[in-house]
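The block underneath contains the structure these notes are about, expressed in structure tokens.
The values are calculated or read from the model by the stated rules, or taken from the named source; none is laboratory data. Note that this is a predicted model, so its numbers are computed, not measured. Note that each Cβ is placed from the backbone with ideal geometry, even for glycine, and that neighbours are counted across all protein chains shown. The protein model used for the area step is the full one, side chains on, heavy atoms only, and it has no ligands, DNA or RNA in it. Shrake-Rupley method; radii C 1.70, N 1.55, O 1.52, S 1.80 Å.
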Amino acid sequence: MAVSRVLFGTPVPGATAPAGRAGCATSRGGHPSALDGSPARPPALIAVAHGSRDPRSAATVAAVVGAVAAARPDLDVRTAFLDLTAPSVEQVVDAVAADGHTHAVVTPLLLGSAFHARVDLPGLLAAAGARHLGLRLTQADVLGVDAALVGALRDRVLAAAHSLPDRRPGVAVAAVGSSSAAANARTAEVAARLAARTGWRTEICFATTEPSVSEAISRLRDRGADHVLVAPWFLAPGLLTDRLVQAAPEAVHADVLGAHPALTEVILDRYHAAIADTRALSA
């Protein structure tokens, strides 16, 4: 999956330069090191979630980011939110700069590449970069329809399906939905990939646009599914997942992706891919 390659901030005279540029040497193993021979400080990882008024969402994001920090104790891992929840992106960038970082990789905890990833977050980072000229901000790619996350979704379905007499139920994969038809089409790949991987009947549906969860369930029944399970393609619970339950109370609802090991893997993959991309651009 391609990295966004969004860079903000320019090192100023007297500031320690980002890895791979002035102020850093390269070790024999190819890893940047400081001029005194000590290993360079790795870029901070700022995990940016959407934000919600629902406390369950913030708690889940904390667990997700906590798992990343536990997996990589050598990294300075921070959490920020785009809206509704503190701390904001601006606050966390300010704190990272104040702590002396010269490079931070901003990793969106977003499953789709729509307005927030393409417009909202880049705008915030551009403004933050203008405030902190000695801090390089690199925006990593969104989580997207990654095979590891489709595997995590399968695990959530399997955990919920044990209560069903049919262990191969019809699965309504429920995502947020977007005003962008192209973004919705990309999200629909989740249902197709889950079907290809498991042999289950699947349909895509959205919480905020068509097709609705009721339509997806109807289609699955028309295709011969006796039992239907709703699989939320969401990182965390909140208002929209509650809306799905209210719209289909008769269906079994799987858990959100949450702090699954695959999510930790994908977040770190996006972080490292962004660093590699930044070094290629700086070469």
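Restricting the stretch 189-198 to residues that are hydrophobic (A, V, I, L, M, F, W, C) and crowded, with 19+ Cβ neighbours inside 10 Å, which is nearest to Asp146 (Cα to Cα)? Working first, answer last.
From the stretch 189-198, those hydrophobic (A, V, I, L, M, F, W, C) are 190-192, 194-196; that's our starting set.
Retained after the next criterion (residues that are crowded, with 19+ Cβ neighbours inside 10 Å): 190-191, 194.
Working: Val190: 9, Ala191: 12, Leu194: 11 Å.
For the stretch 189-198, the residue satisfying everything is Val190.
Every residue in the stretch 242-263 that is part of a helix (DSSP H, G or I) and open to solvent by less than 20 Å² (accessible area, probe 1.4 Å), please. Before the answer, list the steps.
Our first condition is that a residue be part of a helix (DSSP H, G or I); within the stretch 242-263, this holds for 242-247, 261-263.
Across the stretch 242-263, the qualifying residues are Leu244, Ala262, Leu263.
Kindly indicate the residue of the stretch 166-183 that is at pLDDT below 95 and of a type in the set (A, V, I, L, M) and also most open to solvent (accessible area, probe 1.4 Å) among those meeting that condition.
Residue satisfying both the conditions and the ranking: Ala181.
Kindly indicate whether any position in the stretch 30-51 is modelled with pLDDT under 80, open to solvent by less than 40 Å² (accessible area, probe 1.4 Å) and out of contact with any helix residue (DSSP H, G or I) (no Cβ under 9 Å at 6 or more places or on another chain).
We begin by selecting, within the stretch 30-51, every residue modelled with pLDDT under 80; these are 30-39.
Filter once more, keeping what is open to solvent by less than 40 Å² (accessible area, probe 1.4 Å): 32-34.
Checking the rest, the ones that are also out of contact with any helix residue (DSSP H, G or I) (no Cβ under 9 Å at 6 or more places or on another chain) come to 33-34.
Yes.
Identify, please: which residue in the stretch 199-212 is within 20 Å of Arg154 (Cβ to Cβ) and outside any strand (DSSP E or B) and is, among those, least open to solvent (accessible area, probe 1.4 Å)?
Trp200
Answer with yes or no whether Glu215 is in a loop (DSSP other than H, G, I, E, B), within 17 Å of Gln246 (Cα to Cα) and either open to solvent by less than 50 Å² (accessible area, probe 1.4 Å) or not aromatic (Phe, Trp, Tyr) (or both).
Details: in a loop (DSSP other than H, G, I, E, B): no; within 17 Å of Gln246 (Cα to Cα): yes; either open to solvent by less than 50 Å² (accessible area, probe 1.4 Å) or not aromatic (Phe, Trp, Tyr) (or both): yes.
Criteria not met by Glu215.
With the condition kept exactly as written, say whether any residue in the stretch 265-281 is touching a His at 6+ places or on another chain (Cβ under 8 Å), among the aliphatic types (A, V, I, L, M) and open to solvent by 40 Å² or more (accessible area, probe 1.4 Å).
The answer is no, given that none of the residues of the stretch 265-281 is touching a His at 6+ places or on another chain (Cβ under 8 Å), among the aliphatic types (A, V, I, L, M) and open to solvent by 40 Å² or more (accessible area, probe 1.4 Å).
Starting from residues that are in a helix (DSSP H, G or I) and either within 22 Å of Ser52 (Cα to Cα) or touching a strand residue (DSSP E or B) at 6+ places or on another chain (Cβ under 8 Å) (or both), keep the ones in the stretch 221-241 and report whichever is least open to solvent (accessible area, probe 1.4 Å).
First, the residues of the stretch 221-241 that are in a helix (DSSP H, G or I): 221-222, 239-241.
Retained after the next criterion (residues that are either within 22 Å of Ser52 (Cα to Cα) or touching a strand residue (DSSP E or B) at 6+ places or on another chain (Cβ under 8 Å) (or both)): 221, 239-241.
On the way: Arg221: 110, Leu239: 120, Leu240: 41, Thr241: 17 Å².
Within the stretch 221-241, the match that is least open to solvent (accessible area, probe 1.4 Å) is Thr241.
When you look at Pro122, is it open to solvent by 10 Å² or more (accessible area, probe 1.4 Å) and without any contact (Cβ under 8 Å) to a residue 12 or more places away in the chain, yes or no?
No.
What is the residue count in the stretch 155-177 for residues that are touching a residue at least 24 places away in the same chain (Cβ under 8 Å) and out of contact with any strand residue (DSSP E or B) (no Cβ under 8 Å at 6 or more places or on another chain)?
Pass one, the stretch 155-177, residues touching a residue at least 24 places away in the same chain (Cβ under 8 Å): 155-157, 159-161, 163-166, 168-177.
Now restrict to residues that are out of contact with any strand residue (DSSP E or B) (no Cβ under 8 Å at 6 or more places or on another chain): 155, 159, 165-166, 168.
Count: 5.
Within the set of pairs 6 or more residues apart or between chains, which connect a residue that is within 24 Å of Ser57 (Cα to Cα) and hydrophobic (A, V, I, L, M, F, W, C) inside the stretch 74-103 to a residue that is open to solvent by 40 Å² or more (accessible area, probe 1.4 Å) and assigned to a loop (DSSP other than H, G, I, E, B) with Cβ atoms less than 6 Å apart?
Close Cβ pairs satisfying both conditions: Leu75/Pro42; Ala80/Pro87; Leu82/His50; Leu84/Arg53.
Of the conditions (1) over 26 Å from Pro55 (Cα atoms); (2) crowded, with 24+ Cβ neighbours inside 10 Å, Val93 clears all except one; give me its number.
The failed condition is (1).
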